[in-house]
Amino acid sequence: MRKLCAVISVILVVASAGAARVEAQDTDTQQQKKPIDNSFASKGLQGAPKKADPNACAPAPKDPALWDKSLQGGFNYSEGNSNVSSINVNSKLSRDFEGEAWRFELDYNYGSASDGPDTPREVTKNNFRAYQDYHHTIDSTFFVGENLSFTWDQIADVKYRVILSPAVGAHIIKQDDETLNLEFGPAYVWEELGDDREDYAAARIANRWTWAISETASIFQGAEYVISFEDSANYLMNAEFGVESALTKTLDLIFSVRDFYINQPAAGRRPNDVQTIVGVKVNL
């Protein structure tokens with residue numbers, strides 16, 4: 001009897017094990033047949049940082065017949081053992097359409113400083129400049145035009161300087177992302193430096209270069225050299241180099257360095273003035 005019970009027990013264990021194996025196989029088969037949900041892979045990682053759009057700050061396409069208008073402002077202030085403050089305001093209006101290129105620019109700078117909180121401030125910078133430039137394209141390379149500029153500078157003791165110059169020029173580089181113009185011609189200068197007032201004929205040579213590094217950043221450079229026909233020691237040079245980068249579609253960050261050199265300055269003044277400007281430009 002005991003042997004019979006033992007045999008029956010063995011049979012029941014074997015049967016149970018076989019049933020469990022069959023049930024496990026059925027479960028595996030059902031899992032293999034069940035479709036895999038790829039919705040997570042197809043939707044991506046929700047909440048993960050998204051790659052920035054490189055053209056988010058790129059300016060929108062514009063009608064070339066419209067004028068480009070901008071207003072730029074910069075401000076610097078420091079206080080402590082010395083107090084220094086300065087402002088820059090610049091406005092531009094330009095258009096290059098159907099072979100006629102116009103550019104107008106107004107620029108004002110003011111700065112003051114003192115050696116301490118109890119020391120009165122002294123004006124360290126106070127100047128105003130205005131520019132007007134025109135180019136008429138003759139062909140794909142050459143153009144003719146004129147340039148008119150006005151300068152007033154309290155610190156350099158420039159009561160006024162007006163330079164009028166017709167010009168002939170050439171497009172050394174004229175591409176979508178880079179331009180380089182070179183122009184030259186006679187000029188006439190009216191100026192008053194300190195107590196000396198004079199006017200004289202001169203020669204002028206100038207260039208302007210721009211390079212769009214990307215959709216949102218560019219480099220610009222400009223320079224002019226004016227020398228008197230009567231006195232070769234009487235000359236001046238103005239130059240600017242800067243970088244412009246878009247913050248939004250309408251705001252740009254600008255960093256520029258300007259150098260104004262007068263070989264024969266007013267009495268008691270230095271010949272060279274260098275300005276460093278950091279500002280924000282609004283494209284109107």
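The values are calculated or read from the model by the stated rules, or taken from the named source; none is laboratory data. Here the structure is a predicted model, which means the values were calculated and not measured. Because the Cβ atoms are built from the backbone with ideal geometry, glycine has one as well, and the counts that use them run over all protein chains shown.
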Every listed condition ((1) out of contact with any His (no Cβ under 7 Å at 6 or more places or on another chain); (2) farther than 30 Å from G111 by Cα; (3) at pLDDT 95 or above) holds for N234 save (2)
Reported set for the stretch 215-246 where residues are without any contact (Cβ under 8 Å) to a residue 60 or more places away in the chain and either more than 19 Å from Y261 (Cβ to Cβ) or surrounded by fewer than 15 Cβ atoms within 10 Å (Cβ to Cβ) (or both) is A217, S218, I219, F220, F229, E230, D231, S232, A233, V243, E244, S245
Selection from the stretch 247-263 of residues free of Cβ contacts under 8 Å to residues at least 60 places away in the same chain and under 21 Å from V162 (Cβ atoms) yields R258, D259, Y261, N263
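Sort out which residues of the stretch 215-253 are closer than 21 Å to Q132 by Cβ and under 12 Å from the mean Cα position of the chain (by Cα), and write them in order of number.
Of everything in the stretch 215-253, those that are closer than 21 Å to Q132 by Cβ and under 12 Å from the mean Cα position of the chain (by Cα) turn out to be F220, Q221, G242.
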Only one of (1) closer than 27 Å to G73 by Cβ; (2) modelled with pLDDT of 95 or more does not apply to T250, and that is (2)
In the stretch 113-130, anything aliphatic (A, V, I, L, M) and over 16 Å from T276 (Cβ atoms) is listed as V123, A130
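Report those strands (runs of 3 or more DSSP E) wholly inside the stretch 156-258 carrying at least 1 residues which are in contact with a strand residue (DSSP E or B) (Cβ under 6 Å, 6 or more places away or on another chain) and of a type in the set (K, R).
158-174, 196-212
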Here the residues within the stretch 144-190 that are within 28 Å of the chain's Cα centre (by Cα), among the acidic types (D, E) and surrounded by fewer than 17 Cβ atoms within 10 Å (Cβ to Cβ) are E146, D176, D177, E178
